[in-house]
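A.B. asks: This is the structure I have questions about; it appears just below.
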Amino acid sequence: MKTFIIAIILLTIIVIGSLAYIYFVNYVTDPMLSELKDLDNTVLAGDWPKAQTQVALLQQRWDKKEGWMKAFIGHAELDQIQITLSRMRQYINFEDTKDFMNESSVLKLLLQSIVEKEKVSLSNLF
C-alpha cells in the first residue's frame with residue numbers, strides 16, 4: 001500500500017509539472033507571437049523607427065525567457081530563433097520589407113512548432 005501511495009504522489013507531481021511547463025511555454029510564446037504580428041503591421045506600414053523599437057523589445061523578451069527554456073527545449077531550436085531575430089533586426093535596419101517578412105514567417109513557425117512539440121498528445125507520446 002505504501003508503494004502505491006508513493007507512486008500516486010510521483011505521478012501527480014509529474015502531471016502537475018508537465019501542466020506547469022506547458023503553461024510556461026505558452027506564457028513565453030503567445031505574447032511573442034502577438035508582438036510579432038504588431039511588428040509585421042508596423043513594417044508593412046513603413047514605420048521603421050517604431051519597428052526598430054518593437055524588434056528590440058521582442059529581443060529583450062526573448063533574452064529574458066530563453067535561459068529558462070534551455071533547460072527543457074533543444075538548443076538548436078532556440079539558437080535558430082536567436083538567429084532569426086538577429087536577421088530581422090538587420091532587415092529593419094536596412095528597411096528591407098520582403099526579407100523581413102520572410103524571417104518573420106520563419107520565427108512564427110519556430111515559435112508555433114515549440115508549442116506543438118511540447119503539447120501532450122498521442123502523436124507526441126508514440
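The values are calculated or read from the model by the stated rules, or taken from the named source; none is laboratory data. Remember, predicted model here, so these are calculated numbers, not experimental data. All Cβ positions, even for glycine, are placed from backbone atoms using ideal geometry, and neighbour counts span all protein chains on display.
A.B. asks: With (1) surrounded by 13 or more Cβ atoms within 10 Å (Cβ to Cβ); (2) closer than 21 Å to GLN112 by Cβ; (3) at pLDDT 90 or above as the list, and PHE24 as the residue in question, which single condition is left unmet?
C.D. replies: If we test PHE24 against (1) surrounded by 13 or more Cβ atoms within 10 Å (Cβ to Cβ); (2) closer than 21 Å to GLN112 by Cβ; (3) at pLDDT 90 or above, just (3) comes out false.
A.B. asks: Test MET88 against the criterion of being touching a Ser or Thr at 6+ places or on another chain (Cβ under 7 Å), surrounded by 13 or more Cβ atoms within 10 Å (Cβ to Cβ) and either in a helix (DSSP H, G or I) or not hydrophobic (A, V, I, L, M, F, W, C) (or both), and give yes or no.
C.D. replies: The answer is yes for MET88.
A.B. asks: Being free of Cβ contacts under 8 Å to residues at least 24 places away in the same chain and either farther than 14 Å from MET32 by Cα or of a type in the set (Lys, Arg) (or both) is the filter here; which residues of region 62-75 pass it?
C.D. replies: Hits for region 62-75 are LYS64, GLY67, LYS70, ALA71, GLY74, HIS75.
A.B. asks: It is to be established whether one or more residues within region 13-33 are touching a Phe, Trp or Tyr at 6+ places or on another chain (Cβ under 9 Å) and closer than 21 Å to ILE92 by Cα.
C.D. replies: yes
A.B. asks: Hey, another quick one. Taking the residues in region 91-100 that are part of a helix (DSSP H, G or I) and touching a residue at least 24 places away in the same chain (Cβ under 8 Å) as candidates, determine which candidate is nearest to GLY46 (Cα to Cα).
C.D. replies: Here the residue is THR97.
Quick grid of which residues meet (1) without any contact (Cβ under 8 Å) to a residue 40 or more places away in the chain; (2) out of contact with any Lys or Arg (no Cβ under 9 Å at 6 or more places or on another chain); (3) surrounded by 15 or more Cβ atoms within 10 Å (Cβ to Cβ):
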position: GLY17; (1), (2), (3): yes, yes, no
position: VAL28; (1), (2), (3): no, no, yes
position: LEU36; (1), (2), (3): no, no, yes
position: LEU44; (1), (2), (3): no, yes, no
position: ASP47; (1), (2), (3): yes, yes, no
position: ALA56; (1), (2), (3): yes, no, no
position: GLN60; (1), (2), (3): yes, yes, no
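A.B. asks: Further, regarding this structure: Say we look at region 43-85 and pick out the residues that are among the aromatic types (Phe, Trp, Tyr), within 21 Å of GLU118 (Cα to Cα) and assigned to a helix (DSSP H, G or I); which of these is modelled with the lowest pLDDT?
C.D. replies: TRP68
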